[in-house]
Amino acid sequence: MNLARLMRRLKPGKGAVIAVPFFWLLLFFLVPFFIVLKISFAEQDLAIPPFTSLLQVEDGVLQSLTLYFGNFHFIFTDGLYAATYLSSLKVAFFTTVMCLLLGYPIAYAIARADPARRNVLLMLVMLPFWTSFLLRVYAWMGLLNETGLINNFLLSIGLISEPLHLFHNDFSLYLVMVYAYLPFMILPLFSHLVKMDMRLLEAAADLGAGPIKAFLTITLPLSKNGIIAGSMMVFIPAVGEFVIPELVGGTDTLMIGKVLWNEFFDNNNWPMASAVAIIMVLMLIVPIALLHRYETRELEGKGNA
């Protein structure tokens, strides 16, 4: 069922309610996206920053439309950009996996906790959001660098003789990435686990299933949608992360966010930066579209059942 048919079937009041978020997405996503897309097909002109015009209009008549594909050609033929995309996907993938391995037990424990304690535990998960994201990253810098709190403490108790190299490497990158995005994994998982019918586990126990088998055959499949939603909420923003790789990552860390920054502000090459951003968005749209298709088919299957 497409959007037009859906709007016709809804009452006027309900249609207006649905129209507001669609208008919001149109204004703040589609319009900026097409502006960036337009810039990506332009050629950089140093005399008229940041790019040349695509349209040639004379006396109110469109004379020509020029699309410059050199930016995209350069990205696909230059090995550095391919390595940057692969590196960003690798960092986002392993960050997502580690968030899932850590977040699932936490979400499960909160969902099975006493209702009186559950709200307190959820508040502790969301408590970091009360502080600026940038300040939290700076706090980790103070903890991990060679003169930071961790090394000073270990030196003071004599556990180490020289500072550990905990900063500006893959360890610090993944540590802070997982710390920053872990709540985005926990909350969707919790929302699915807390609604699970505990009588299913009791029935499995009555039938002789052990805790591990009951978890693998009942709890894990029923939390599948939460796993997918949490993974998407972590993976998508992690691909374009800029602050964490820049401040705590190593000098060899290649991320799309850093490339975009360099092209926009160091090279003043808006068309190239826009082309990099467009390819990144297209890479992320594919898993989002697959997820939406999967959820649609699942809902249709439940409706037919």
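The values are calculated or read from the model by the stated rules, or taken from the named source; none is laboratory data. Remember, it's a predicted structure, so these values are computed and weren't measured experimentally. Here the Cβ positions follow ideal geometry from the backbone for every residue, glycine too, while neighbour counts run over all protein chains shown.
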Pairs returned, first residue in segment 180-195 that is farther than 15 Å from ILE228 by Cβ, second residue that is part of a helix (DSSP H, G or I) and not aliphatic (A, V, I, L, M), beta-carbon separation under 6 angstrom, 6 or more apart or interchain, are TYR181/CYS99; LEU182/CYS99; LEU182/GLY103
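Just give me the residues in segment 196-245 being among the aromatic types (Phe, Trp, Tyr), in contact (Cβ under 8 Å) with a residue 12 or more places away in the chain and surrounded by fewer than 17 Cβ atoms within 10 Å (Cβ to Cβ), in sequence order.
At the first step, the residues of segment 196-245 found to be among the aromatic types (Phe, Trp, Tyr) are 215, 235, 242.
Next cut, in contact (Cβ under 8 Å) with a residue 12 or more places away in the chain only: 235, 242.
Correct list: PHE242 only.
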For ASP252, the lone unmet condition from (1) under 14 Å from LEU80 (Cα atoms); (2) surrounded by 14 or more Cβ atoms within 10 Å (Cβ to Cβ) is (2)
Would you point out the residue of segment 14-40, among those that are within 18 Å of LEU67 (Cα to Cα), surrounded by 12 or more Cβ atoms within 10 Å (Cβ to Cβ) and not aliphatic (A, V, I, L, M), that is farthest from the chain's Cα centre (by Cα)?
LYS38
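Kindly indicate the residue of segment 41-93 that is part of a loop (DSSP other than H, G, I, E, B) and at pLDDT 85 or above and also surrounded by the most Cβ atoms within 10 Å (Cβ to Cβ) among those meeting that condition. Lay out the reasoning, then the answer.
Step one: list which residues in segment 41-93 are part of a loop (DSSP other than H, G, I, E, B), which gives 41-54, 59-60, 66-69, 78.
Still in the list and also at pLDDT 85 or above: 41, 69, 78.
Details: PHE41: 20, PHE69: 11, ASP78: 11.
Applying the filter and picking the extreme gives PHE41.
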Hits in segment 248-269 - residues which are in contact with a His (Cβ under 9 Å, 6 or more places away or on another chain) and aliphatic (A, V, I, L, M)
VAL248
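Would you be able to say whether some residue in segment 94-105 is closer than 21 Å to VAL281 by Cβ, at pLDDT 85 or above and either surrounded by 12 or more Cβ atoms within 10 Å (Cβ to Cβ) or in contact with a Lys or Arg (Cβ under 9 Å, 6 or more places away or on another chain) (or both)? Please lay out each step first, then the result.
So the first thing to find is which residues in segment 94-105 are closer than 21 Å to VAL281 by Cβ, and the list is 95-96.
If we keep only those that are at pLDDT 85 or above as well, we get 95-96.
Okay, now just the ones that are also either surrounded by 12 or more Cβ atoms within 10 Å (Cβ to Cβ) or in contact with a Lys or Arg (Cβ under 9 Å, 6 or more places away or on another chain) (or both), so 95-96.
Yes: segment 94-105 contains one or more residues that are closer than 21 Å to VAL281 by Cβ, at pLDDT 85 or above and either surrounded by 12 or more Cβ atoms within 10 Å (Cβ to Cβ) or in contact with a Lys or Arg (Cβ under 9 Å, 6 or more places away or on another chain) (or both).
Here is a yes/no grid of residues against (1) of a type in the set (Phe, Trp, Tyr); (2) modelled with pLDDT of 90 or more; (3) in contact with a strand residue (DSSP E or B) (Cβ under 8 Å, 6 or more places away or on another chain):
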| position | (1), (2), (3) |
| --- | --- |
| ALA209 | no, no, no |
| ALA214 | no, no, no |
| SER231 | no, yes, no |
| PHE235 | yes, yes, no |
| VAL239 | no, yes, no |
| ILE244 | no, yes, no |
| LEU247 | no, yes, no |
| THR251 | no, no, no |
Just one listed residue, out of PHE171, PHE190, is at pLDDT 90 or above, crowded, with 21+ Cβ neighbours inside 10 Å and of a type in the set (Phe, Trp, Tyr), and it is PHE190
